[in-house]
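In what follows, a structure is listed as structure tokens, so that the remarks can point back to it.
The values are calculated or read from the model by the stated rules, or taken from the named source; none is laboratory data. Computed from a predicted model, the values in this text were never measured in an experiment. Ideal geometry is used to build each Cβ from the backbone, glycine not excepted, and the neighbour counts take in all protein chains shown.
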Amino acid sequence: MKNGTLWKDIDGNDIQAHGGMSLAHEGTFYWYGEHKGADNCPGTTRVDVIGVSCYSSADLMNWKYEGLVIEADHTDPDSPMYYKKVCERPKVIYCRKTGKFVLWMHLDSADYTFAGVGIAVSDSPVGPFTLITAKQPNRLDSRDMTVFQDHDGTAYLFHSSNWNKMMAISRLTDDYTDVDGFFKYALIDQSREAPAICMHNSKYYMVTSGCTGWEPNSALYAVSDYAMGTWELIDNPCEGENYRRTFEGQSSYIFEYGGRKYLMLDHWKPYDLRNSGYSFLPLEIDEKGIMTIKWTDEFLV
Ligand code: GAL
């Protein structure tokens with residue numbers, strides 16, 4: 001898997017799972033993302049919504065297409081999943097308490113002014129997921145987002161809010177299907193998006209990008225003692241050639257495998273979104289808590 005390029009599934013088809021994440025469940029990895037497998041709407045940087053795709057793998061290298069776990073609506077313009085709207089950055093967490101898989105995603109109007117989330121549930125990791133609701137969590141505008149499941153089972157929505165000026169952190173209810181009303185702001189007036197969270201040695205780490213749309217910019221990481229603690233911006237974790245443009249990529253998720261962490265990146269092609277590439281880059285945190293992300297030509301585990 002050559003980093004920075006569009007990868008193929010085991011049938012030789014393009015992997016369409018942008019802005020995605022990888023969930024490990026019972027020995028299988030599931031990669032969810034935006035299916036952008038259509039031409040851009042002429043002259044624009046959008047692809048009509050197709051849905052959220054799912055791929056499965058035993059080794060993170062060979063991915064089998066499991067289909068769309070939730071699909072765009074082609075008939076009802078009032079549906080939050082209407083194909084002329086926006087559905088981005090899907091993230092799935094498994095709720096031990098209910099035995100359900102819960103999908104959170106950024107749902108929006110075509111002009112990004114609805115600025116909400118969609119929440120959907122399924123009994124199976126490969127769907128189908130049923131949309132429960134689409135709304136602004138805690139009545140906050142919410143654009144780029146991720147969900148993070150803490151070691152104690154509490155889960156949080158991290159979402160760019162206040163026109164992306166701050167990162168809001170909203171705690172979820174214990175069935176993960178809603179926010180519980182408790183939230184706080186982090187990275188105030190820093191205008192960060194594309195959050196990706198991980199934990200290391202009892203500290204919490206958040207990698208974000210700047211807000212320049214599809215255009216690459218410098219990543220930054222922040223550290224906190226708690227998911228809803230005081231997040232301190234530290235530095236750009238990327239090192240080496242092109243580190244200031246995040247190797248032409250943008251963060252989407254951090255997963256762990258074999259005791260190592262990897263940052264998933266999207267390499268957007270704004271006018272040809274279906275051909276946007278992926279990278280899984282090793283993310284290291286040293287004994288002082290300093291994070292480093294270096295380019296590797298290939299993803300190998
Ligand atoms: C980026 C964001 C993407 C998408 C894009 C649209 O800033 O990270 O997920 O929303 O803007 O322009």
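General observations
- Odd one out for Cys41 among (1) in contact (Cβ under 8 Å) with a residue 24 or more places away in the chain; (2) within 16 Å of the ligand (Cβ to nearest atom): (1)
- Entry remark, the stretch 242-260: residues being closer than 16 Å to Gly4 by Cα and either modelled with pLDDT under 95 or among the aromatic types (Phe, Trp, Tyr) (or both) number 3 in total.
- Residue count for the stretch 87-111, restricted to those that are of a type outside the set (Asp, Glu), in contact with a Lys or Arg (Cβ under 8 Å, 6 or more places away or on another chain) and closer than 17 Å to Lys135 by Cβ: 6
- Complete set of residues in the stretch 157-178 that are crowded, with 24+ Cβ neighbours inside 10 Å and more than 16 Å from the ligand (Cβ to nearest atom): Ile169, Ser170, Leu172, Tyr176
- Failed item in (1) aliphatic (A, V, I, L, M); (2) buried (at least 16 other Cβ atoms within 10 Å of the Cβ); (3) assigned to a strand (DSSP E or B), with Ala24 passing the rest: (2)
- Selection within the stretch 179-196 - more than 19 Å from Val102 (Cβ to Cβ), of a type in the set (D, E, K, R) and either assigned to a strand (DSSP E or B) or within 16 Å of the ligand (Cβ to nearest atom) (or both): Lys184, Arg192, Glu193
- Single residue of Met199, Met264, Met228 found to be part of a loop (DSSP other than H, G, I, E, B) and in contact (Cβ under 8 Å) with a residue 40 or more places away in the chain: Met228
- Count of the stretch 227-275 residues, restricted to those that are away from the ligand (no atom under 16 Å from the Cβ) and charged (D, E, K, R), is 8.
- Which listed residue is within 19 Å of the chain's Cα centre (by Cα), surrounded by 13 or more Cβ atoms within 10 Å (Cβ to Cβ), more than 27 Å from Lys261 (Cβ to Cβ) and not basic (Lys, Arg), from Gly19, Gly4, Gly37: Gly37
- Scanning the stretch 202-214 for residues that are in contact (Cβ under 8 Å) with a residue 40 or more places away in the chain and closer than 30 Å to Thr44 by Cβ, we see that the one that is farthest from the ligand (Cβ to nearest atom) is Val207.
- Residue within the stretch 136-143 that is under 19 Å from the mean Cα position of the chain (by Cα) and either in a strand (DSSP E or B) or on the phi > 0 side of the Ramachandran plot (or both) present: no
- Qualifying residue in the stretch 121-131 (condition: under 19 Å from Gly20 (Cα atoms), without any contact (Cβ under 8 Å) to a residue 24 or more places away in the chain and part of a loop (DSSP other than H, G, I, E, B)): yes
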